[in-house]
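Read through the structure below, which is laid out as structure tokens, and then see the notes.
The values are calculated or read from the model by the stated rules, or taken from the named source; none is laboratory data. No experiment lies behind these values; they were computed from the predicted model shown. Reconstructed Cβ throughout: ideal geometry from the backbone, glycine too, with neighbour counts over all protein chains shown. What goes into the accessible areas is simple: the full protein's heavy atoms, side chains included, and nothing from ligands, DNA or RNA. Shrake-Rupley method; radii C 1.70, N 1.55, O 1.52, S 1.80 Å.
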Amino acid sequence: MLTTPSDLDQRFGLARRVTLPGPLRLDSGALLAPVDIAYETYGTLAPDGENALLLCHALTMDQHVAGPNPRTGKPGWWTRMVGPGRPIDTDRYFVICANVLGSCMGSSGPASIDAATGRPYAMAFPVITIRDMVRAQAMLLDHLGVARLAAVVGGSMGGMQALSWAATYPDRVRAAVVIASTARHTAQNIAFHEVGRQAVMADPRWNGGDYYGGEPPAAGLAVARMAAHITYLSEAGLTEKFGRRLQAREHKSFGFDADFQVESYLRYQGLSFTDRFDANSYLYITRAMDYFDLAEEHGGLLAQAFRGAGTRFCLVSFDTDWLYPTADSRSIVQALNAAGAPASFVELSSPYGHDAFLLDSPELERLVGGFLRAGR
């Protein structure tokens, strides 16, 4: 196999982590320094740097988009989409995926050590926003020598970052793919997150966020995950998968054990989540999503966020996604049209609700691949 400059550069490859001096000025006004960013790259950066593509992950995902996850031992979370010959073709693109600010997979977050105290930040970590995540990613791109992105791609919270990228750094983004996402969190979105946060904070082990070195608030985090997971699915999908079938029994127990398969499934999802995610990170990232309102950041007019931008946009929604329904994507398209930005939009049919973008979807793969190829 030929050795490329990217292969020899220690900045590029799997399981990378960099400490940037900062400071990073946050929307709250706080300064964060230094800033750790964990990331992975795939493919080779072209000599002119024009083939870089940033992939932004969702709330509980990570930087291991196409490489093996060292924590879980599982393949990356979007291997069907990212790789040689795939829609996001790593033979063509230099793909970067960074763990978001505030998370717990290697980037700076509440579990990171505060240099001022020598102890984990916990709840002393500053409140962050989606735009803060994007600013941290921009610092990473500067470190990698990437001046301009061929595209930024993301689903769910990743789509919020893609929108924020185009609004914050319009000269650095040639194309944006926004999948199953929104330009702002609604009252219902905020309400579901608040239920999850209160579940975490009601767990005695949360201890005001100061649990590092002891037992984490796993019970509270599991309940938060269960509540959130319901929003990722559709009623039709739940009915198809579980219906009212009982779990490993022929009769109801007339108690409060997991009688139904759907109860057992949610309990499994909740417990398995606590093995890989930090409760304080969950609080911080859900708060960042709740604060996201791209129009508010631009004088109350969403079109103003995209005015003058040369970015091409592709938006995709799913007809059974009730977390970020098609109406949310249509409102973004209307704003893009008002701003004179080139935009395409497709609503795909799927029985799987919000999570459809993470599942096998040949239509989505064709759409993303076709949109990116059209930008050559």
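From the list 97, 104, the one residue that fits, being within 14 Å of the chain's Cα centre (by Cα), open to solvent by 20 Å² or more (accessible area, probe 1.4 Å) and farther than 20 Å from residue 361 by Cα, is 104.
Checked against the criterion of being over 21 Å from the mean Cα position of the chain (by Cα) and not in a strand (DSSP E or B), the candidates 85, 67, 73 yield just one match: 85.
Among the conditions (1) free of Cβ contacts under 8 Å to residues at least 40 places away in the same chain; (2) in a strand (DSSP E or B); (3) surrounded by 14 or more Cβ atoms within 10 Å (Cβ to Cβ), residue 19 misses just one, which is (3). For the structure I just gave you, tell me whether residue 200 is part of a helix (DSSP H, G or I), at pLDDT 95 or above and open to solvent by 10 Å² or more (accessible area, probe 1.4 Å). So residue 200 does not fit the description; no. As a summary of the residue check, residue 87 satisfies the conditions (1) closer than 30 Å to residue 117 by Cα; (2) of a type outside the set (Gly, Ala, Ser); (3) crowded, with 18+ Cβ neighbours inside 10 Å; (4) in contact with a Lys or Arg (Cβ under 9 Å, 6 or more places away or on another chain) except for the one numbered (1). Listed by first and then second residue, the pairs with beta-carbon distance under 7 Å, at least 6 apart or on different chains, first residue in the range 114-140 and free of Cβ contacts under 8 Å to residues at least 60 places away in the same chain, second in a loop (DSSP other than H, G, I, E, B), are 114/121; 121/110; 121/112; 138/169. Does the range 123-133 include one or more residues that are acidic (Asp, Glu) and either over 23 Å from residue 46 (Cβ atoms) or surrounded by 24 or more Cβ atoms within 10 Å (Cβ to Cβ) (or both)? Yes; the residues of the range 123-133 include at least one that is acidic (Asp, Glu) and either over 23 Å from residue 46 (Cβ atoms) or surrounded by 24 or more Cβ atoms within 10 Å (Cβ to Cβ) (or both). Annotation: of all residues in the range 228-253 being in a loop (DSSP other than H, G, I, E, B) and either hydroxyl-bearing (Ser, Thr, Tyr) or in contact (Cβ under 8 Å) with a residue 24 or more places away in the chain (or both), the one that is surrounded by the fewest Cβ atoms within 10 Å (Cβ to Cβ) is 253.
For the range 39-46, the criterion of being among the β-branched types (Val, Ile, Thr), out of contact with any strand residue (DSSP E or B) (no Cβ under 9 Å at 6 or more places or on another chain) and either part of a loop (DSSP other than H, G, I, E, B) or in contact (Cβ under 8 Å) with a residue 12 or more places away in the chain (or both) is satisfied by no residue at all. Of the residues in the range 287-300, none is in a loop (DSSP other than H, G, I, E, B) and of a type in the set (Asp, Glu). Exactly one residue out of 256, 277, 273 is at negative phi and assigned to a helix (DSSP H, G or I), and it is 273. In the condition set (1) in a loop (DSSP other than H, G, I, E, B); (2) under 20 Å from the mean Cα position of the chain (by Cα); (3) farther than 29 Å from residue 354 by Cα, residue 29 is compliant with all but (2). Of all residues in the range 50-60, those being buried (at least 24 other Cβ atoms within 10 Å of the Cβ) and assigned to a loop (DSSP other than H, G, I, E, B) number 2. Filtering the range 205-227 to residues that are part of a helix (DSSP H, G or I) and without any contact (Cβ under 8 Å) to a residue 12 or more places away in the chain leaves only 207.
Going by the conditions given, is residue 320 hydroxyl-bearing (Ser, Thr, Tyr), assigned to a loop (DSSP other than H, G, I, E, B) and at pLDDT 95 or above? Here the answer is yes, as residue 320 does meet what is asked.
Does residue 72 satisfy being hydroxyl-bearing (Ser, Thr, Tyr) and either open to solvent by less than 30 Å² (accessible area, probe 1.4 Å) or modelled with pLDDT under 95 (or both)? In short, yes.
Residues of the range 328-376 that are closer than 20 Å to residue 230 by Cα and open to solvent by less than 70 Å² (accessible area, probe 1.4 Å): 328, 350, 351, 353, 354, 355, 356, 357, 358.
Residue check: residue 6 meets all listed conditions (1) surrounded by 15 or more Cβ atoms within 10 Å (Cβ to Cβ); (2) at pLDDT 95 or above but one, namely (2).
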